[in-house]
Amino acid sequence: MTTSSTPRPAALIVRQASPPNLESPFSSLDGRITPGESVYVRSHFPAPELNAESWRLRLGGQVDTPLELSLSDLRAMPAHTVAATMECAGNGRVYLSPRMPGVQWDLGAVGTAEWMGVLLRDVLGQAGVQAGALEVVLEGADCGTLTDPGRTPGNIHYARSLPLAKAQDDVLLAYAMNGQPLTRDHGFPLRAVVPGWFGMAAVKWLTTLHVTDTPYQGFFQTVDYSFWQSRDGLSPQMVPLTTMLVKAQIARPAPHDCVPAASVFEVVGTAWTGQGDVTRVEVSSDSGQTWAEAELVDPPQTGVWRRWRFEWQTPQQPGTVTLMARATDSAGRTQESGHDVGRGGYMINFPLPITVHLRGQEA
Ligand SMILES: Nc1nc2c(c(=O)[nH]1)N[C@H]1C(S)=C(S)[C@@H](COP(=O)(O)O)O[C@H]1N2
Ligand SMILES: [Mo]
């Protein structure tokens, strides 16, 4: 007999009430697209309440024609729909030892939504990017002061930059998520969606785009959301976080679930990568000593996670087992067993140990 738990009703888990930092109930995974009410929320400052009529998107810097666009201007442009898996760079932080500062995310700072909006490259094309331009800075309306992880220089806005090549490729300026206008927490009226990149690049409550010929060194890509990278045999240097790493997660059983001993349990989860497609998922039920092939349920679709399943023959005796999943992508990357200290509390993609308890068959 195959047993499997049915998805629980979706509700967000409060990691921080104010500003709202809300985790998706990853164990309720069902469809490939995460229902809107279950998409995680990660906000550094209180969510601004923007007025759709008076709101404007301003584009300036190294462009021929600076622009000021209303929401109806954007809605009149060609619309594009993009499904994208977005993972917060701190997803899984609770599994780090020693504990790292920041929101203690479990498995749910990741999700997949279908976004609709205009391509950033169309907006840039309308303004005309000048020769020598290097990056586009995206700034949100939200602002405040922070003391952790570093101290902000007073009151600052949330902002990140994108290399021009990425900005002119597949970046979307989205006004809708899963067929609905953006909610306030997800960046109403307009946010960026940056396929393949960790969530911090997807600036919400967008008000300003600034084309620049120098690398942007703002708080959220130097003090925060950067990591120590070793390159060219030199000592590590600080670089901003960009693309997601390859990663698989187990949705069911959930951590500390009880499953019947001596039965077949369907382990399910998803796997994603920021480069190419996930090509393989393996599952271990002995803390990572041996691995068995899982079955990929969804066809490959670049930028979108693939659900997978694994028929697990549970041990005969009651006890405790550590399950793990690991993915490989078409770029040949696979999940390594340890966490590189240079990453700090970010880019956590070692196979996460999921403890489950086996119970004997009741009479
Ligand atoms: N303006 C603004 N944009 C932001 C943030 C923010 O705090 N302010 N948080 C970023 C981070 S760290 C993540 S992971 C994603 C989360 O998007 P979501 O809340 O819609 O899931 O938004 C990004 N964009
Ligand atoms: Mo994030």
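Using the alpha-carbon centroid of each, what span in Å lies between segment 86-138 and segment 262-310? Distance between centres, Cα-based: 24 Å. Extents of the chain, largest first, come to 74, 47, 37 Å (Cα atoms, principal axes, whole angstrom).
Select from 212, 241, 314 the residue farthest towards the positive end of the dipole of segment 191-319; place +1 on Cβ of Lys and Arg, -1 on Cβ of Asp and Glu, and compute about the Cα centre. Of the listed residues, the answer is 212.
Within segment 258-363, antiparallel bridges make up roughly 90 percent of the DSSP beta bridges whose residues both belong there.
Quick check on the exposure proxy: order 247, 204, 166 from fewest to most C-beta atoms within 10 angstrom. Walk me through the numbers before you get to the answer.
Working: 247 29, 204 26, 166 21.
Going from sparsest to densest Cβ surroundings: 166, 204, 247.
Here's the picture: charge each Lys and Arg Cβ at +1 and each Asp and Glu Cβ at -1 in the chain, and of 38, 76, 226 the one pushed furthest to the positive end of that dipole is 226.
No value in this document is a laboratory result; all are computed from the given coordinates. Note that this is a predicted model, so its numbers are computed, not measured. So basically every Cβ, Gly included, is an ideal-geometry build from the backbone, and we count neighbours across all protein chains shown.
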